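K.L.:
Handing you this structure, nothing more for now.
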Amino acid sequence: MNNKENIYALKPDFINLLYNDYLENYQNKKIKDFLIDINEKYGNDILSYCVPGDTKIFLDDEIRYVMNTTPNKYSKKQLYLWDYEYSKLIYTTNTNPGIYRFNTQNEKVPINTIQATDWRIWNYLSLFKLHKYVIKRWGESEDPVRIFIRKLGNGNFSRHSILRLYWTAEISNDINREKKLEFLETLWRDEDFMTQVTERSTANMKEQILYFLEFCSNPDNEIILFKTKSRKGYPIYREFIKLFLADSNISTISNCNKDEVFEILTENLNACL
Amino acid sequence: MAIFNNPFPVLDNSFGNFSNYQFSVECISSKVENGIYSFGFKSAINEPIILDLIENKKVCFCIQLDCKPFIRKIYKAEDLYDEVTFEINYEDIPSNFYFEFTPLLITETALDYKNENADTPICNYTFKLQRNQIIGSHSSLKISFETGYETFESSPIIKFVRLNPPEKPKNGSMDIRLDLPYIKVSVSSEDFDLFTKVNSLESKLLDTVVTFPILQYTLHEFINDKDSYLEKEWAQNLNNQFNIFDINDSDEILNAIHYILKSPHSSFFDFYIKKYETNTND
């Protein structure tokens, strides 16, 4: 197959209209009720509610099909594995088209930062193009953050049903490695870990967060971080992430090289024990 | 106003230890040109111990850039110890074109630091500082560009072309071509510059004044020879949005133009690139 689907951008006014509709008319209802209703009402004429012109962003048709039609095979406690699987699926690599654009040599390449932060596009995907997947994954939720993005922020990005998949892959993408998404598995070690990492401002330091994930991927560190509980009963990684955030307030971590980041993290890990 | 956290967090300005000393920073340049944002910052520091550390390259002045929620980078003073200049490609920043700059003084090496200017008993202490530790910070400067580069690199429907002087359009004030994926409008260099200026001040006005005759011409040509244009990208885009395939006469053309120009998000121009509306109400 490998046909491409044009991705459009919903008009901001239309997103606001839908958002207000959700708040006013879907109290005590589920996301799935809302998604079914709006797709019935607007789905056939959705281009009328999109910004004119071509975004030059595409989604591989087969990926859209897989996401929308494949039933969930994971238990409630393993849903992060589903997220991990689709995070790999939606991100553009040499072997996977995902969501992409074309460069001047007509090669498929990942979308740029401006495109990746265009909230109109992610709303289009969650509300319409990939709504069947969203119903399967988040249909029972009542939290609008799973389907709407209305401003740029770490919290929104790590909670929105589709953008979290793309964004976790983007954070984990190490262009210097043969297996570029090697650390994505670590980031999706569980849902709480992913949220704790991506919701904090330290996630903005692309280079250093890769060092962080590499450190957490070390089998010895992994055992301590994920399988040991702190005195408060949480996994150690929660305290470990907080210490890293604290470090970012007294040092310019974004200027640190790998050795320096590892030194900080080793110190923090010892402090957690 | 100068803020001096020194060395953070052991001392901060709430102690009042540095009331006579300044860490002032001025933004000396900010512009966007050819898709590149350029910024320059100049510091003024009169604290002798810090100045000495800077001269000996143990401490440096830098700007921490935050483009929330994705980018945090450090730009350090290099050739001139008190100035930082840097450039950012527009494709590398988020679409809200929002920059937060925090001037900092950071250590270049691990060092022992003693500030005899501090009040007792702090003046008697020696602090061990790590490399990259923040010893001074200034309040942040936040800049949001109202105009920037549109999210779409797209094929907007109308593309303006600036003719090289002294070339002028052959058919009055503009030449319009419809045989391309987009509507190509060639105008004189004077008109192009005027459009750019008007658009930077009031884009809706330009939409109204310039789009009207272009759409009128385009839609007349379209109904006269629909078969030639049905597959054109510009026609399909206009149809997706405004159902132009259903238009058959002059009255319907005027109605369609009225509807198009009334549309709050119709922005058809490529030569001027405008930030899309963001929502910050929640």
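The values are calculated or read from the model by the stated rules, or taken from the named source; none is laboratory data. These numbers were taken from a predicted model, which means no experiment stands behind them. Counting neighbours? That spans all protein chains shown, and the Cβs are built from the backbone with ideal geometry, glycine included.
K.L.:
Wholly within the stretch A:72-155, which helices (runs of 4 or more DSSP H) include no fewer than the required count, namely at least 3 residues that are more than 16 Å from the chain's Cα centre (by Cα), away from chain B (no Cβ under 14 Å) and over 25 Å from residue A:203 (Cβ atoms)? Spell out the reasoning first.
P.N.:
Numbers: elements: A:79-90, A:113-116, A:119-124, A:131-138.
Helices (runs of 4 or more DSSP H) meeting the threshold: A:131-138.
K.L.:
So which residues in the stretch B:232-243 are under 13 Å from residue A:47 (Cβ atoms) and not in a loop (DSSP other than H, G, I, E, B)?
P.N.:
Scanning the stretch B:232-243 gives B:236, B:237, B:238, B:239, B:240, B:241, B:242.
K.L.:
Only one of these is out of contact with any helix residue (DSSP H, G or I) (no Cβ under 6 Å at 6 or more places or on another chain) and either modelled with pLDDT of 95 or more or under 16 Å from residue B:132 (Cβ atoms) (or both): A:222, A:267. Name it.
P.N.:
Values: A:222 fails: either modelled with pLDDT of 95 or more or under 16 Å from residue B:132 (Cβ atoms) (or both).
Among A:222, A:267, only A:267 is out of contact with any helix residue (DSSP H, G or I) (no Cβ under 6 Å at 6 or more places or on another chain) and either modelled with pLDDT of 95 or more or under 16 Å from residue B:132 (Cβ atoms) (or both).
K.L.:
Which residue is modelled with the highest pLDDT, if the candidates are limited to the stretch B:241-265 and must be surrounded by 18 or more Cβ atoms within 10 Å (Cβ to Cβ) and either touching a Cys at 6+ places or on another chain (Cβ under 9 Å) or within 12 Å of chain A (Cβ to nearest Cβ) (or both)?
P.N.:
Among those residues, the one meeting the criterion is B:244.
K.L.:
So, residue B:107, is that one more than 27 Å from residue A:199 (Cα to Cα), facing chain A (nearest Cβ under 10 Å) and over 26 Å from the mean Cα position of the chain (by Cα) or not?
P.N.:
Working: more than 27 Å from residue A:199 (Cα to Cα): yes; facing chain A (nearest Cβ under 10 Å): yes; over 26 Å from the mean Cα position of the chain (by Cα): yes.
So residue B:107 passes the test.
K.L.:
Of the residues A:36, A:46, only one is surrounded by 15 or more Cβ atoms within 10 Å (Cβ to Cβ), at pLDDT 95 or above and of a type outside the set (Lys, Arg); which?
P.N.:
Numbers: A:46 fails: at pLDDT 95 or above.
When all the criteria are applied, what remains is A:36.
K.L.:
Something else: Looking at the stretch A:216-236 only, could you name the residues that are surrounded by 14 or more Cβ atoms within 10 Å (Cβ to Cβ) and within 21 Å of residue A:262 (Cβ to Cβ)?
P.N.:
Restricting attention to the stretch A:216-236, the residues satisfying the condition of being surrounded by 14 or more Cβ atoms within 10 Å (Cβ to Cβ) are A:216-218, A:221-222, A:224-226, A:230, A:235-236.
Those that are surrounded by 14 or more Cβ atoms within 10 Å (Cβ to Cβ) and within 21 Å of residue A:262 (Cβ to Cβ): A:216, A:217, A:218, A:221, A:222, A:224, A:225, A:226, A:235, A:236.
K.L.:
So, one more: Determine whether residue B:73 is facing chain A (nearest Cβ under 9 Å) and either assigned to a loop (DSSP other than H, G, I, E, B) or not hydrophobic (A, V, I, L, M, F, W, C) (or both). Walk me through it before giving the result.
P.N.:
Working: facing chain A (nearest Cβ under 9 Å): yes; either assigned to a loop (DSSP other than H, G, I, E, B) or not hydrophobic (A, V, I, L, M, F, W, C) (or both): yes.
Against the criterion (facing chain A (nearest Cβ under 9 Å) and either assigned to a loop (DSSP other than H, G, I, E, B) or not hydrophobic (A, V, I, L, M, F, W, C) (or both)), residue B:73 qualifies.
K.L.:
Kindly indicate which of A:180, A:206 is touching a Ser or Thr at 6+ places or on another chain (Cβ under 7 Å), at pLDDT below 95 and surrounded by fewer than 21 Cβ atoms within 10 Å (Cβ to Cβ).
P.N.:
Working: A:206 fails: touching a Ser or Thr at 6+ places or on another chain (Cβ under 7 Å).
Just one listed residue meets the conditions, A:180.
K.L.:
Could we say that residue A:263 is within 13 Å of chain B (Cβ to nearest Cβ), of a type in the set (D, E, K, R) and part of a helix (DSSP H, G or I) here? Explain how you work it out, then say what you get.
P.N.:
Values: within 13 Å of chain B (Cβ to nearest Cβ): yes; of a type in the set (D, E, K, R): yes; part of a helix (DSSP H, G or I): yes.
Considered against the rule, which asks whether it is within 13 Å of chain B (Cβ to nearest Cβ), of a type in the set (D, E, K, R) and part of a helix (DSSP H, G or I), residue A:263 comes out as yes.
K.L.:
When residues of the stretch B:108-134 are filtered for being assigned to a strand (DSSP E or B) and modelled with pLDDT under 85, how many remain? I'd like the intermediate steps shown before the answer.
P.N.:
Looking only at the stretch B:108-134, we keep the residues that are assigned to a strand (DSSP E or B), and these are B:111-113, B:127-129, B:133-134.
Next, only the ones that are modelled with pLDDT under 85 stay: B:113, B:127-128.
Number satisfying all stated conditions: 3.
K.L.:
Further, regarding this structure: Tell me which residues, restricted to the stretch A:215-230, are assigned to a helix (DSSP H, G or I) and over 18 Å from residue A:255 (Cβ atoms).
P.N.:
Within the stretch A:215-230, A:216, A:217, A:219, A:220, A:221, A:222, A:223, A:224, A:225, A:226, A:227 qualify.
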